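> Supplied in structure tokens, the structure appears directly below.
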Amino acid sequence: MTSSDIPTVPVGEVPAGFDRADPVPGAQLLDVREPDEWALGHAPGAVHIPMVDVPARLDEIDIDAELYVVCRQGGRSIEVVKYLTHIGYDACNVAGGMVAWQRTGRPVVADGEHEAKIY
């Protein structure tokens, strides 16, 4: 499977509920960045599972949901989408990752009291 074969959507096509940490029926936003990246800033409604932990934590990913997978810029999320689609999940890569998320003005929250910032 090549990068061009990976299901991919632009940031604007990710449901708006993830902007508010509201559950989005039938969908899940999976952030596969490292813990330090997550702590700096993430989408309010995302679920955080670092890329290397995905196989061991499949029980936290809803197999019946449409999955939107995001990382910093798209490299790791492409690999996770390849894996998840191979084992039967309906997953797509979020083009441009969290950098594109922040650039398009979608909300970002942080752990702690510092300002959320992706780049």
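The values are calculated or read from the model by the stated rules, or taken from the named source; none is laboratory data. This is a predicted model, so every value here is computed, not measured. Backbone-built Cβ (ideal geometry, glycine too); neighbour counts: all protein chains shown.
> Mind listing whichever residues of segment 60-88 are aromatic (F, W, Y) and more than 19 Å from P23 (Cα to Cα)?
Within segment 60-88, Y83 is the sole residue that qualifies.
> Condition check: part of a helix (DSSP H, G or I) and modelled with pLDDT under 95. Does G17 satisfy that?
yes
> List every residue pair whose Cβ atoms sit under 7 Å apart, with the two residues 6 or more apart in sequence or on different chains, where the first one lies in segment 60-72 and is under 18 Å from H42 (Cα atoms) and the second, anywhere, is crowded, with 20+ Cβ neighbours inside 10 Å and basic (K, R).
Close Cβ pairs (under 7 Å, with a partner that is crowded, with 20+ Cβ neighbours inside 10 Å and basic (K, R)) amount to C71/R33; R72/R33.
> Pairs needed: first member in segment 30-55, more than 14 Å from Y119 (Cα to Cα); second member anywhere, of a type in the set (K, R) and not in a loop (DSSP other than H, G, I, E, B); C-beta distance under 6 Å; at least 6 residues apart or different chains.
Close Cβ pairs satisfying both conditions: V32/R76; I49/R57; M51/R76.
> Those residues that are in contact with a strand residue (DSSP E or B) (Cβ under 7 Å, 6 or more places away or on another chain), surrounded by 18 or more Cβ atoms within 10 Å (Cβ to Cβ) and not in a strand (DSSP E or B), I need them from segment 20-40; list them, please.
Answer for segment 20-40, where residues must be in contact with a strand residue (DSSP E or B) (Cβ under 7 Å, 6 or more places away or on another chain), surrounded by 18 or more Cβ atoms within 10 Å (Cβ to Cβ) and not in a strand (DSSP E or B): V32, W38.
> So, one more: E79 - would you say it is of a type in the set (D, E) and touching a residue at least 12 places away in the same chain (Cβ under 8 Å)?
Here the answer is yes, as E79 does meet what is asked.
> Hey, S4 hits all of (1) among the polar types (S, T, N, Q); (2) modelled with pLDDT of 95 or more; (3) surrounded by fewer than 20 Cβ atoms within 10 Å (Cβ to Cβ) but one; which does it fall short on?
Answer for S4: the failing condition is (2).
> Right, another one. Just checking, how many residues over segment 82-119 are of a type in the set (A, V, I, L, M, F, W, C) and in a loop (DSSP other than H, G, I, E, B)?
Matching residues across segment 82-119 total 6.
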